[in-house]
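The values are calculated or read from the model by the stated rules, or taken from the named source; none is laboratory data. Here the structure is a predicted model, which is why all the values come from computation and not from measurement. We place every Cβ from the backbone using ideal geometry, glycine too, and count neighbours over all the protein chains shown. Note: areas computed on protein heavy atoms with side chains; ligands, DNA, RNA excluded. Shrake-Rupley method; radii C 1.70, N 1.55, O 1.52, S 1.80 Å.
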Amino acid sequence: MIESPADAVPERELLQAKSDYLRGFDRLLALARRELRIFDPDLSELEMNAAIRVETLARFLRSGPTRRIFVALHDVEHVTKRCPRLIALLGSYTSSILIYQTTGDAAKVQDCFVLVDGDHLVRRPVTAQPRGVLVINDPKECQPMRERFGEIWESSAPAVSANTTGL
């Protein structure tokens with residue numbers, strides 16, 4: 001039986017290694033039901049071109065027409081040059097995946113995090129450091145990060161599409 005959010009027991013785990021962050025990301029992907037909000041320097045550490053990762057994202061998006069993935073990045077070069085599977089997924093779900101690039105003050109932010117459905121979070125306060133936290137079933141703790149993502153999103157601009165333009 002699946003627990004309802006009201007019955008779910010909050011969990012909090014301190015992360016000590018970058019591999020723990022990736023493991024936490026995998027766990028969040030399995031829990032996703034409505035939306036993913038990803039804030040990252042460039043997605044390189046989240047293995048977004050791995051076939052299994054892209055299939056997991058595709059399965060999430062196929063599960064419902066209102067499912068969304070919002071990605072805010074400092075640098076989009078890794079995605080545009082090294083993530084053809086993610087770009088192909090973007091081409092199949094153009095209205096469900098948005099990839100923006102940070103500008104202004106948001107471009108100076110040093111942490112990274114993934115927020116799922118407003119209830120689950122994995123975060124590293126300093127991207128270059130391995131330590132972080134995984135939070136499961138705690139909308140109260142996740143709410144400030146949802147607001148923060150909104151601020152970052154407002155200070156970002158569309159940056160990646162499945163279409164190439166130019167001469």
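Might you check whether a residue that is farther than 19 Å from R12 by Cα, outside any helix (DSSP H, G or I) and in contact (Cβ under 8 Å) with a residue 24 or more places away in the chain occurs anywhere in region 137-152? No, region 137-152 has no match at all.
Suppose the filter is under 18 Å from S156 (Cα atoms) and either surrounded by fewer than 16 Cβ atoms within 10 Å (Cβ to Cβ) or not charged (D, E, K, R) (or both); does V79 pass it?
Working: under 18 Å from S156 (Cα atoms): yes; either surrounded by fewer than 16 Cβ atoms within 10 Å (Cβ to Cβ) or not charged (D, E, K, R) (or both): yes.
Taking the combined requirement at face value, the residue satisfies it.
Of the residues making up region 2-22, those that are open to solvent by 100 Å² or more (accessible area, probe 1.4 Å) and either modelled with pLDDT under 95 or within 18 Å of the chain's Cα centre (by Cα) (or both) are I2, E3, P5, D7. Do we find a residue being closer than 28 Å to Q16 by Cβ and among the small types (G, A, S) anywhere in region 124-132? Taking every residue of region 124-132 in turn, at least one turns out to be closer than 28 Å to Q16 by Cβ and among the small types (G, A, S).
Summed over region 124-138, residues that are touching a helix residue (DSSP H, G or I) at 6+ places or on another chain (Cβ under 7 Å) and charged (D, E, K, R) total 1.
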